[in-house]
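Here's the structure we're looking at; comments come further down.
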Amino acid sequence: MSEPITVPKAELHCHIEGAAPPSLVKRLAEKYRVDVSGVVDGNGKYIWSDFTTFLKAYDTASNVFRTPADYALLAETYFRMLAAEGAIYGEIFISPDHAREAGLSYRSYVEGLATGIERAKNGTAIEGRMIAIGVRHFGSAAVERVVKEVTAEPHPLVTGFGLAGDERAGHPANFSKAFRMASEAGLGTTAHAGEFGGPDSIIAALDFLRVKRIGHGVRAIEDKDLVRRLADDGIVLEVCPWSNIALGVYTVLRFHPVNMLRKAGVKITLNSDDPPFFGTTLGKEYASVAETFNWSREDQMEITRTAIEAAFCDEATRNRLL
Ligand code: ADE
Ligand code: ZN
């Protein structure tokens with residue numbers, strides 16, 4: 001029997017700090033004498049129990065990346081792993097606030113990550129871009145500061161701006177100025193919504209932030225008018241099925257709305273979010289969703305095409321990848 005040919009994949013939604021292998025976090029923690037025993041267990045697994053403790057563990061793990069070289073290693077490791085799973089393109093969320101907390105300037109952070117992305121590309125041809133995120137529960141001033149940093153020091157691989165963090169904190173109206181600044185600067189924009197918040201949270205993100213992509217967005221399924229709006233307006237959902245299951249948004253994959261949303265005409269992409277925290281990889285997302293919902297290879301190719309079409313990259317790169 002011949003080997004199955006790997007489906008080309010593309011990812012739009014992965015937090016780079018959340019992609020850190022626990023073994024790397026442990027190694028750097030020893031080097032910098034940081035206590036991570038509360039977030040990485042003896043078996044090399046992350047320790048957390050709900051969204052709040054996940055966010056805390058994520059903060060602690062982020063804090064062991066202290067130099068551009070640490071971030072270069074993290075990005076290279078992640079993009080090489082993505083490429084090994086058949087990915088041709090990946091966007092990572094980067095968090096300048098987490099880097100500052102670890103003592104790194106915006107410029108050093110981005111240059112370190114870019115070095116890692118370029119190194120991985122040299123070995124594998126994978127294309128990578130970065131989306132700088134503001135953390136919602138840090139408030140609107142912190143989120144605006146991120147846009148100002150990005151626009152004051154433009155980098156060719158930082159092509160997007162986004163909002164992550166606790167969706168239950170702060171109304172999207174608080175962040176409309178930041179998103180207006182980002183759009184005016186030519187950045188692609190996306191916001192987490194409809195992960196822990198319901199349909200109203202997604203509607204508010206669309207209305208106040210004017211985004212064409214939504215991180216998660218899966219709880220749109222609870223409002224059929226919203227599902228129609230997403231489909232009609234061509235809004236792209238960055239769906240992260242195993243993240244939703246790990247965080248208890250859905251119990252098992254067969255009850256996840258990804259297939260229903262797709263059947264309703266909503267543009268869907270598949271993503272890993274924070275892979276080692278949630279026991280997933282991009283390859284697992286594609287394979288498990290395809291198996292559970294009987295998606296063909298052509299169905300999976302359509303997911304990848306949707307991601308490339310919605311990617312925050314230049315047209316020449318997009319056309320080369322399509
Ligand atoms: N930051 C990292 N992972 C996240 C998630 N799943 N939702 C919101 N913010 C995050
Ligand atoms: Zn996310």
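Quickly work out the ASP232-to-LYS212 label distance, labels modelled 7 Å from Cα along the C-beta direction, and quote it in nm with one decimal.
Placing both labels 7 Å along Cα→Cβ, they lie 1.9 nm apart.
So if I place +1 on the C-beta of Lys and Arg and -1 on the C-beta of Asp and Glu, and nothing else carries charge, what would the dipole magnitude of the chain be about its Cα centre? I want it in debye, nearest 20. If you can, show how the numbers build up before the last one.
Details: 36 positive and 42 negative charges, 32 e Å.
Taking the Cα centre of the chain as origin, the dipole is about 160 debye.
Collect residues whose amide H, placed 1.01 Å from N in the peptide plane, falls under 5 Å from the amide H of GLU127; neighbours closer than 5 in sequence don't count.
Hits under the 5 Å cutoff: TYR89, GLY90.
Let's see if you can work this out: charge +1 on each Lys and Arg Cβ, -1 on each Asp and Glu Cβ, no other charges. What is the dipole magnitude of segment 1-126 about its Cα centre, in debye to the nearest 20?
Value, rounded to 20: 300 debye.
What distance in nm separates the two pseudo spin-label positions at THR67 and ARG80, each 7 Å out from Cα along the beta-carbon direction?
1.8
Measuring from centroid to centroid over Cα atoms, what is the spacing of segment 251-322 and segment 1-51 in Å?
20
Given VAL110, ALA264, ALA290, which one lies farthest toward the positive end of the charge dipole of the chain, if we put +1 on the Cβ of every Lys and Arg and -1 on the Cβ of every Asp and Glu?
VAL110
What lysines could a cross-link reach from LYS26, if we take a straight Cα to Cα line under 24 Å and drop same-chain neighbours fewer than 8 places away?
The qualifying lysines are LYS45, LYS56.
Ranking request for peptides 210-222, 57-69, 21-33: highest mean number of other beta-carbon atoms within 10 Å first, then the rest in descending order.
Values: 210-222: 23.1, 57-69: 20.4, 21-33: 15.7.
Ranked by mean Cβ neighbours within 10 Å, highest first: 210-222, 57-69, 21-33.
Taken together, the values in this text are just the output of simple stated rules run on the coordinates, not laboratory data. What you see is a predicted model, and the numbers here were worked out from it, not measured in a lab. Every residue, glycine among them, receives a Cβ derived from its backbone with ideal geometry; neighbour counts consider all protein chains shown.
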